[in-house]
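Novice: Submitted below is the structure of interest, expressed as structure tokens.
The values are calculated or read from the model by the stated rules, or taken from the named source; none is laboratory data. What you are looking at is a predicted structure, and each value in this text was computed from that prediction instead of being measured. Cβ placement follows ideal geometry from the backbone for every residue including glycine, while neighbour counts extend to all protein chains displayed. In case anyone asks, the SASA skips ligands and DNA or RNA and just uses the protein heavy atoms, side chains included. Shrake-Rupley method; radii C 1.70, N 1.55, O 1.52, S 1.80 Å.
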Amino acid sequence: MSRILDRLGDIVGDWALHKGLVSKEDWELVQQGRGSLAGSIGEILVNMSLVKETDLYLMIAQHLKFPLFTPEKFDPDMGLMSHIPADLQKHHALLPLKLEGNRLFVAMEDPGDVVVIDDLRRGTSLNIVPVLASPKDLARFLRHKPRHTQPVASQSAEEAGDSHSVGVEGLDDLEAMVTEAPVIRLFNVILREAIENRASDIHIEPGPKEVTLRYRIDGILYDIMPINRQTMYQPLIIRVKVMANIDIAEARKPQDGQFRVNNNKKTYDFRVSTLPTIHGEKAVLRLLDRANAFLRMEELGMNADVQQQTEVAVTKPHGLLLVAGPTGSGKTTTLYSLLHRSHTPERNFVTVEDPVEYTFPRINQVQVNRKAGMTFASVMRHLLRQDPDVILVGEIRDTETAKMAVEAAMTGHLVMSTIHTNDAPSTVNRLTDMGVEPFLIAGSLTGVLAQRLVRCVCDQCRQTVQPPATSLLAAGLPAEAQGQFYYGRGCTACRSSGYRGRTGIYEFLQMNEQMRELIVRRASVADLREAARHSGMKSMREDGLHKVLSGLTTLEEVVRVVETPE
């Protein structure tokens with residue numbers, strides 16, 4: 001039985017029907033006789049000669065974005081068999097194709113099996129590039145494979161000594177992980193793959209028939225692999241809960257927790273959230289890379305004007321500085337960078353966060369605890385008695401917190417916070433909607449930094465391109481615009497997306513006398529935006545288009561994350 005066809009189940013049939021590889025009539029016949037036919041849907045389609053095996057595997061490769069092994073396209077190097085450990089050869093059909101630098105291309109029945117790929121990487125000390133292959137094509141070459149010889153880089157069981165089980169806190173202990181329980185090994189592989197793929201979130205999503213593992217990479221969710229619902233799903237959820245110190249007996253209400261792991265001498269924090277659904281508990285693990293919490297302002301992607309205006313605002317002795325944008329736009333990272341930029345030992349810094357994501361030396365950080373009555377607003381009231389110079393409020397989300405932040409800014413404190421608004425000018429109206437008097441906003445607000453995150457073109461597979469005039473005009477550029485336009489054709493480094501990494505696009509609303517007068521008069525967002533533009537503010541869209549012209553991102557990315565101007 002093909003591993004990939006068995007793992008994908010009925011999905012293969014749906015794909016084949018959608019692609020037109022099988023007619024609706026033949027599909028109905030297969031469904032009617034499913035109970036008396038052995039094998040997966042894909043195997044039934046092939047065995048009944050309804051779909052050619054080559055067409056079926058080509059379709060799967062296209063959907064899963066893996067290269068497909070064919071004898072015409074690849075010439076396997078059987079001499080590379082010595083790189084693959086004997087136990088892996090014994091239990092899996094693995095065909096080495098070629099070695100490029102430290103990358104070993106290996107054809108296998110299921111290139112989405114992260115456990116096998118991880119075992120291969122440990123056993124070969126090479127980066128593995130998985131290639132999809134049918135069992136028939138693999139058998140043609142593997143029946144004549146040479147006898148296995150132990151690679152020089154590997155270590156025998158006698159040399160390694162007795163293995164012992166390790167917890168997830170020790171992800172570096174790769175050899176010991178081989179002997180661990182399957183669910184622990186699977187969980188460790190999931191964490192390591194997420195770290196190495198720069199994922200920000202891990203989603204474990206139960207469905208009616210299978211459980212899906214997904215990673216959010218550069219803001220986009222990718223399906224990684226299905227998880228066996230009968231044998232692995234429940235143990236995996238329990239493992240997540242145990243690590244996050246969550247009640248494993250409670251499955252009827254949402255729960256939160258956190259844990260920390262070490263990998264390659266770096267520390268990563270994971271915030272865990274579980275949610276009961278109709279098909280079981282869903283778990284989302286937010287990955288917090290401590291190294292990325294301390295980015296300098298120069299690394300955020302700000303242009304020179306925005307950076308200079310922000311630095312002036314953050315070094316003032318008092319006032320309110322807000323970072324605006326939707327969820328996932330990088331506000332917290334920017335806020336931490338501003339905190340790092342303004343920190344000096346001569347001043348007393350206090351933060352109020354929910355939750356505290358990263359810890360800073362010589363900064364007093366307070367965790368919000370609503371069950372104990374410690375809300376943003378209640379903590380703020382007490383903070384003012386702690387002789388603070390700089391106060392960081394994780395988020396302004398209600399009227400009381402907004403009023404407390406403005407009051408603190410008016411009484412000689414520098415207050416920094418985030419707020420959920422679409423752009424910088426609309427932040428003013430958001431504060432008035434919360435009940436803050438316009439004259440208080442005008443007197444306390446020093447600036448609003450609004451931002452979004454756009455994906456960068458992959459530097460491994462980028463190619464020059466000249467966008468059509470219609471696309472340039474639709475994005476707000478002249479039809480004859482000249483620049484370094486790039487797009488990514490897709491490669492293994494970017495998961496065939498054409499993008500790798502992200503940068504920010506920004507706009508900064510700077511306060512002046514005209515702006516304060518408009519705020520006091522309760523001017524509309526349109527009037528505030530027009531006044532800001534006359535004062536020199538460049539919009540987020542303009543900043544994004546400048547990054548398009550410089551070859552950093554694409555028109556499609558800017559249009560995706562920033563609203564089209566009216």
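Novice: Which trypsin sites (Lys or Arg not before Pro) in region 479-566 sit in a loop by DSSP (not H, G, I, E or B) and have at most 15 other Cβ atoms within 10 Å of their own Cβ?
Specialist: Listed in order of number, the matching sites are Arg489, Arg521, Arg522.
Novice: What do you get for GluC sites (Glu not before Pro) in region 336-379 restricted to DSSP loop and a cutoff of at most 11 other Cβ within 10 Å of the site's Cβ?
Specialist: Within region 336-379, the qualifying GluC sites (Glu not before Pro) (loop, at most 11 other Cβ atoms within 10 Å) are Glu346.
Novice: Could you work out the relative contact order of the chain? I mean the mean sequence separation of Cα pairs under 8 Å and 6+ apart, divided by the number of residues, in percent.
Specialist: Once normalised by length, the contact order is 8 percent.
Novice: What part of the accessible area of the chain, given as a whole %, is carbon or sulfur when the probe is 1.4 angstrom?
Specialist: Of all accessible area on the chain, carbon and sulfur atoms account for 49 percent.
Novice: Taking a 1.4 Å probe, which of Glu205, Glu299 shows the most accessible area, and what order do the others take after it?
Specialist: Largest to smallest exposure gives the sequence Glu299, Glu205.
Novice: Shifting gears a bit: Angle between the Cα long axis of helix 304-314 and the longest principal axis of the chain, 0 to 90 degrees, nearest 10?
Specialist: It is inclined by approximately 60 degrees.
Novice: A follow-up question, please. 222 nm [θ] for the chain, helices only, -39500 (n - 2.57) per DSSP H run of 4+, per residue, to 500?
Specialist: Counting only the DSSP helices, I get -10000 deg cm²/dmol.
Novice: Here's a follow-up. May I ask what percent, to the nearest 5, of DSSP beta bridges between residues of region 313-466 are antiparallel?
Specialist: Percent antiparallel among DSSP bridges in region 313-466 is about 5.
Novice: Moving to a separate point now. Mind checking the angle between helix 53-64 and the chain's longest principal axis? C-alpha axes, 0 to 90 degrees, to the nearest 10.
Specialist: Helix 53-64 and the main axis of the chain meet at about 20 degrees.
Novice: Also: Of all trypsin sites (Lys or Arg not before Pro) in region 207-312, which ones are in loop regions per DSSP and have a Cβ with at most 10 other Cβ atoms within 10 Å?
Specialist: Taking region 207-312 and a limit of 10 other Cβ atoms within 10 Å, the loop trypsin sites (Lys or Arg not before Pro) found are Arg252, Lys265, Arg296.
Novice: Using the Cα gyration tensor of region 53-103, with a ≥ b ≥ c the square roots of its eigenvalues, what is the shape: rounded (a/c below 1.5), prolate (a/b larger than b/c) or oblate (neither)?
Specialist: In terms of gyration-tensor shape, prolate.
Novice: Round to the nearest 10 and give me the degree value, 0 to 90, for the angle of helix 540-549's Cα axis relative to the longest principal axis of the chain.
Specialist: In the chain, helix 540-549 runs at an angle near 50 degrees to the longest axis.
Novice: List the lysines whose Cα lies under 25 Å from the Cα of Lys52, skipping any in the same chain that are fewer than 8 positions away.
Specialist: Leaving aside lysines fewer than 8 places away in the same chain, those within reach of Lys52 are Lys19, Lys24, Lys65, Lys73, Lys136.
Novice: What cysteines in the chain have no other cysteine with a beta carbon less than 4.7 Å from their beta carbon?
Specialist: Cys456
Novice: Roughly what % antiparallel, to the nearest 5, for the DSSP beta bridges in the chain?
Specialist: 65
Novice: With every protein chain left in place, what is the accessible area per residue of the chain in square angstrom, probe 1.4 Å?
Specialist: 48
Novice: Quick one: which residues, 5+ away or cross-chain, put their amide H under 5 Å from the amide H of Cys491? H built at 1.01 Å from N.
Specialist: Ser496, Ser497, Gly498
Novice: Could I ask something else about it? Rounded, prolate or oblate: which fits region 323-416 when a ≥ b ≥ c are the square roots of the eigenvalues of the alpha-carbon gyration tensor, with rounded for a/c under 1.5 and prolate only if a/b beats b/c?
Specialist: rounded
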